[in-house]
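Below is one structure, written out as structure tokens; the observations come after it.
The values are calculated or read from the model by the stated rules, or taken from the named source; none is laboratory data. This is a predicted model, so every value here is computed, not measured. For neighbour counting, all protein chains shown are included, and Cβ atoms are generated from backbone atoms with ideal geometry for every residue, glycine included. Protein only, heavy atoms only, side chains kept; ligands, DNA and RNA dropped before computing areas. Shrake-Rupley method; radii C 1.70, N 1.55, O 1.52, S 1.80 Å.
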Amino acid sequence: MQTEHDHTVASIEKRLADGPRVNYLRDWVYGGIDGAVTTFAIVAGAVGADLSTRVVLILGIANLLADGFSMAAANFSGTRTEIEDYDRLKAMERRHIRDFPDGEREEIRQIYRNKGFRGSKLEALVDLVTSREENWVDTMLTEEHGLALVKRSPVTAALSTFAAFVICGAVPLLPFVLGLPDAAVLATVMTALVFFGIGSVKSMWSTYSWWRSGGETLIIGMLAALLAFVVGRLLEAIV
């Protein structure tokens, strides 16, 4: 029977020694979908308003760089804030353990009582968790505050978002850059494939099938594009 990883003593020891992996998948997916959606939305809106290819390229490239950088900067700040909040709560828990050890032990007791432990087993767990301060603090961070113990790099998160945004966001512009006939139709088809591709790849880390995940992402992206096209048509008619 094939499993996700081996369960031999040596493989388990190596896997645990390497520590948990930091996952930046959400940054890639978020950046990729938003890049494709926003750039294609601009293309669709410009086509809907019957603007020239030159205007489509100017608007699209400007959005690609400016919005991509804005998203990366926002992700950097958001991830940095998470780390700062983690450090603040960790320092707070250390201080509480030092100043109010009995109260903190009672918190551990109630945490595991709520998980169904009772009697001598509960007390043994409380003694075990509180026997090492680092383990005690980590337990409070995860169980009381719901925090992950693995810190994500703000720089890596930002670069992942920017790279995915630019790569996927450039796809709707390619037919216009290359001067291909029926550029709007080609941009639509290529962007739809990007949406479906992102969703399909995302299914590798999901319980959904590749076609369901891909189809869901495709529908979300194309609905955003359709909205932009309709708005562009309305503005063209009004203005």
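Modelled this way, with points 7 Å down the Cα-to-C-beta line, the labels at Leu149 and Glu123 are 2.7 nm from one another. Read phi for every residue in segment 193-208 and hand back ³J(HN,Hα) as whole Hz from Karplus 6.51 cos²θ - 1.76 cosθ + 1.60, θ = phi - 60°, with x for Gly and Pro. After applying 6.51 cos²θ - 1.76 cosθ + 1.60, I find 5, 5, 4, 5, x, 4, x, 5, 5, 4, 5, 5, 10, 9, 8, 7 Hz.
Judged by the ratio a/c of the largest to the smallest principal axis of the C-alpha gyration tensor, the chain counts as prolate, that ratio being 1.5 or greater while a/b is larger than b/c.
For segment 146-239, the relative contact order comes to 17 percent (Cα pairs under 8 Å, sequence separation of at least 6). Pick out, from Leu57, Ile219, Gly68, the residue whose Cα sits farthest towards the positive end of the charge dipole of the chain, with +1 on the Cβ of Lys and Arg and -1 on the Cβ of Asp and Glu. The residue sitting most towards the positive pole is Ile219. Lysine pairs in the chain 8 or more apart or on different chains: how many have alpha carbons under 24 angstrom apart? Close lysine pairs found across the chain: 4. Karplus-based coupling profile of segment 134-146, in residue order and whole Hz: 4, 5, 4, 4, 4, 5, 5, 5, 7, 7, 8, 9, x, with θ = phi - 60° in 6.51 cos²θ - 1.76 cosθ + 1.60 and x standing for Gly or Pro. Within the full protein context, the accessible area of Thr81 is estimated at about 80 Å² for a probe radius of 1.4 Å.
Legend: residues His7, His96, sorted from most to least accessible area (1.4 Å probe; ligands, DNA and RNA excluded), read His7, His96.
For His7 paired with Arg54, estimate the spin-label separation in nm (one decimal), with each label point 7 Å from Cα along the Cα-to-Cβ line. The two pseudo-label positions are separated by 6.7 nm. In the chain, excluding the sites themselves, the longest stretch lacking any of the trypsin sites (Lys or Arg not before Pro) that are in a DSSP loop with at most 12 other Cβ atoms within 10 Å is 133-239. Computed over the chain, the per-residue total of -39500 (n - 2.57) for DSSP H runs of n ≥ 4 gives a 222 nm mean residue ellipticity of -26500 deg cm²/dmol, rounded to 500.
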